[in-house]
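The values are calculated or read from the model by the stated rules, or taken from the named source; none is laboratory data. Just so you know, these numbers come straight off a predicted model, no measurement behind them. Heads up, the Cβs are rebuilt from the backbone with ideal geometry, glycines too, and the neighbour counts pull from every protein chain shown. We work out accessible area using only protein heavy atoms, side chains counted, and drop any ligands, DNA or RNA first. Shrake-Rupley method; radii C 1.70, N 1.55, O 1.52, S 1.80 Å.
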Amino acid sequence: MSAAVIDGRAAAAEVRAKVATAAAAFQTKTGRQPGLATVLVGEDPASAVYVRSKGKATGEAGMASFSHTLPASTAEGELLDLVAALNPDDAVDGILVQLPLPPQIDAARVIAAIDPAKDVDGFHALNAGRLATGLDALVPCTPLGCLHLLKAQLGDLAGLEAVVVGRSNIVGKPMALLLIGASATVTIAHSRTRDLPEVVRRADIVVAAVGRAEMIKGDWIKPGATVIDVGINRVPGDGGKGRLVGDVEFASVSEVAGAITPVPGGVGPMTIAMLLRNTIVAAHRRAGLTDPEGL
Ligand code: GUN
C-alpha cells in the first residue's frame, strides 16, 4: 500500500465545527436558529438511517431539525402539500426530501416544487442551471464534499486531468461542473464509455460514482493519481451482515494511487457535512446576510 488514505471523517468534523460557529453567530444576529426540514416517505431502512443521521447532525451543529415521516402509501398530492407548507415557513431554511420516493410519486415533480432558495440538495433545475452557468447556486452535497477533499489534498486543481466515472444528476454531472469551475480538464465517462480503463488511466483525479462494487481496478490508475470513491455497495461477507465497499477496488488501487478515500469513512461523512453547510448558507442568503466565512 503506497497511497495516503484521505480521512473524510476528520475533514467532515472540521466543516461541521465551522457550521456550528456560523449557526451560533446567525442566531445572535437574527434571533432564531437556522432550520432544516427532512421528509422521509416510506420505510426503506437505508433511507431511514440516512435521514436520522442528517437530523442528528443538524442538532449537533446548533440548528433546528424538523423531521417529517410519511407512510409509503402517501399520494403525490399529499407530499406536494407538505412541500407547499414548508416553502413559506420562515423557521425552515432547507428542505430535503429523501430519495428514492415510492413509485406512485414523481420525484421530478416534487423537486420542482421545492423553493430553490431552500433546495439544500441542489437538485432543483434552477440550482443545476445556476451551477452550469457559473452563478451562485446551492450545489449537490456529495460532489461538493468531493471537491472539498480534492482541494484539501491537492491544493490548486488547475490544469489537472480529471475523469468522472458516472453521469448522474446527483453526482457525476455536478462533479464535472465543479471540476471545470476549478479549471481542471474534465472527462465524464460512464458504463457505455469505450475502453474505460484506458480513459481512467490518463486521470490525475478519478471520481468514481457508477454504483458498481469494486469496478475500478489498480491497473486502471495512473501512478500517484488521487482517487475519490463515491460508491457505497453492500456485498456478501462479514457473517450475514454484508460488507460495504466502494466503486473502487481498494486493495489494488491503493497500491498505485497517490491518495484514496476509503469506504466507509471517505466521501460519506462529507455529504452530511455539506448538507449542513448548504443549510447555513441558505439561511444566510434568505436573511440577506453575506455567506458565512470559510464555508
Ligand atoms: N438519497 C441518496 N442520496 C441522497 C441525497 O443526497 N439527497 C436526497 N434527498 N436523497 C438521497
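The residues in the range 282-294 that are open to solvent by 40 Å² or more (accessible area, probe 1.4 Å) and either part of a helix (DSSP H, G or I) or at pLDDT 95 or above (or both) can be counted, and the count is 7. I'd like to know if the range 130-139 contains one or more residues that are of a type in the set (D, E, K, R) and crowded, with 21+ Cβ neighbours inside 10 Å. For the range 130-139, residues of a type in the set (D, E, K, R) and crowded, with 21+ Cβ neighbours inside 10 Å: absent.
When the range 141-164 is limited to residues that are of a type in the set (A, V, I, L, M) and in a helix (DSSP H, G or I), the one that is nearest to the ligand (Cβ to nearest atom) turns out to be LEU144. Within the bounds of the range 270-281, is there any residue that is open to solvent by 10 Å² or more (accessible area, probe 1.4 Å) and either part of a loop (DSSP other than H, G, I, E, B) or β-branched (Val, Ile, Thr) (or both)? Scanning the range 270-281, I find at least one residue that is open to solvent by 10 Å² or more (accessible area, probe 1.4 Å) and either part of a loop (DSSP other than H, G, I, E, B) or β-branched (Val, Ile, Thr) (or both), so the answer is yes. Considering the range 83-118, and only residues there that are closer than 15 Å to GLY35 by Cβ, in a helix (DSSP H, G or I) and open to solvent by 30 Å² or more (accessible area, probe 1.4 Å), the residue that is farthest from the ligand (Cβ to nearest atom) turns out to be ALA85.
Results for (1) in contact with a helix residue (DSSP H, G or I) (Cβ under 8 Å, 6 or more places away or on another chain); (2) more than 16 Å from the ligand (Cβ to nearest atom); (3) not aromatic (Phe, Trp, Tyr), shown as yes or no for each residue.
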| site | (1), (2), (3) |
| --- | --- |
| VAL120 | yes, no, yes |
| ALA128 | yes, no, yes |
| VAL139 | yes, no, yes |
| GLY166 | yes, no, yes |
| ALA182 | yes, yes, yes |
| TRP220 | yes, yes, no |
| GLY224 | no, yes, yes |
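Within the range 22-68, the only residue that satisfies the criterion of being without any contact (Cβ under 8 Å) to a residue 24 or more places away in the chain and buried (at least 16 other Cβ atoms within 10 Å of the Cβ) is GLY55.
Being in contact (Cβ under 8 Å) with a residue 12 or more places away in the chain, surrounded by fewer than 18 Cβ atoms within 10 Å (Cβ to Cβ), among the hydroxyl-bearing types (Ser, Thr, Tyr) and assigned to a helix (DSSP H, G or I) is the requirement here; does SER191 meet it? Talk me through it step by step, then tell me what you get.
Values: in contact (Cβ under 8 Å) with a residue 12 or more places away in the chain: yes; surrounded by fewer than 18 Cβ atoms within 10 Å (Cβ to Cβ): yes; among the hydroxyl-bearing types (Ser, Thr, Tyr): yes; assigned to a helix (DSSP H, G or I): no.
Considered against the rule, which asks whether it is in contact (Cβ under 8 Å) with a residue 12 or more places away in the chain, surrounded by fewer than 18 Cβ atoms within 10 Å (Cβ to Cβ), among the hydroxyl-bearing types (Ser, Thr, Tyr) and assigned to a helix (DSSP H, G or I), SER191 comes out as no.
Does VAL97 count as touching a Gly at 6+ places or on another chain (Cβ under 6 Å), farther than 27 Å from ILE180 by Cα, of a type in the set (A, V, I, L, M, F, W, C) and at pLDDT 95 or above? Against the criterion (touching a Gly at 6+ places or on another chain (Cβ under 6 Å), farther than 27 Å from ILE180 by Cα, of a type in the set (A, V, I, L, M, F, W, C) and at pLDDT 95 or above), VAL97 does not qualify.
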